[in-house]
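Here is the structure we will look at.
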Amino acid sequence: MLKHQGEGMKGLALAVGAFLGALFRFALGEWIPVLSDRFPLGTMIINLTGCLFLGWFFTITLFRWKWPLEIRLGIGTGLTGSFTTFSTFSLETVQMLEHHHFIAAVVYVVSSVLGGIVLVGVGQSIAKFQIRGSRSKGA
């Protein structure tokens, strides 16, 4: 039996979001080709896009849209969490190293980590700009 009434809805929101995020990730991963030196462009684009979206989403829904926690968990943690993937990033890095693609591995790690941090900040900045813009229009 659940301790709190809303725990079931949180779990359902996470599960639905995770299911959709996994489908989106698979589809996009199939569509984006692997580059020379086994460079995993698809995973990098997916992870960087997820960073941008997550920075924007959690900022806009906290300060502007005031969505319920269950929806924020389902989209932010469930969907985006399963869309992006640290384990695949790590595995692909090790595979590049095993195949002696050292420069590609370093570029992948540095661009993924720094790019992810920068894009979370960019996402937050976009959301804050949208929030300020809507306030100045009286919305």
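The values are calculated or read from the model by the stated rules, or taken from the named source; none is laboratory data. These numbers come from a predicted model, not from an experiment. Here Cβ is always computed from backbone atoms with ideal geometry, including for glycine, and neighbour counts include all displayed protein chains. Keep in mind that these areas ignore ligands, DNA and RNA; they rest on the heavy atoms of the full protein, side chains included. Shrake-Rupley method; radii C 1.70, N 1.55, O 1.52, S 1.80 Å.
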- request: For segment 91-99, just list the computed ³J(HN,Hα) in residue order, Karplus coefficients 6.51, -1.76 and 1.60, θ = phi - 60°, integers in Hz, with x standing in for Gly and Pro.
  value: 4, 5, 5, 4, 5, 5, 5, 4, 9
- request: Any chance you could tell me what percent of the C-alpha pair distances in the chain go past 22 Å?
  value: 49
task: Could you work out the Kirkwood radius for segment 1-70, taking every pair of different alpha carbons, averaging 1/r and inverting it, reported in Å?
output: 14.6
- prompt: Quick one: if the Förster radius is 25 Å, what FRET efficiency do Trp31 and His99 give, using the C-beta to C-beta distance and rounding to 0.05?
  reply: 0.60
- request: Using the heavy atoms of the protein chains and a 1.4 angstrom probe, tell me the accessible area per residue for segment 19-139 in square angstrom.
  value: 60
message: What does the extension gain come out to for Ala22 and Arg38, with contour length at 0.36 nm per residue minus their alpha carbon separation?
response: 3.5 nm
message: From the phi angles alone, apply the Karplus equation (6.51, -1.76, 1.60; θ = phi - 60°) to segment 108-119 and give each ³J(HN,Hα) in whole Hz, x where the residue is Gly or Pro.
response: 4, 5, 5, 5, 5, 6, 5, x, x, 5, 4, 6
query: Which distance in nm do the two modelled labels at Phe86 and Val113 give, with both placed 7 Å along the Cα-to-Cβ direction?
result: 1.2
task: Work out the length of the dipole vector of the chain about its Cα centre, built from +1 on the beta-carbon of each Lys and Arg and -1 on the beta-carbon of each Asp and Glu, and round it to the nearest 20 debye.
output: 900
Leading residue at positive end of dipole, the chain (Cβ point charges), from Ser87, Phe129, Gly11: Phe129
message: Can you compute 3J(HN,Hα) from phi for each residue in segment 46-54, using the Karplus curve 6.51 cos²θ - 1.76 cosθ + 1.60 with θ = phi - 60°, rounded to whole Hz and x for Gly and Pro?
response: 4, 5, 5, 4, x, 5, 4, 4, 5
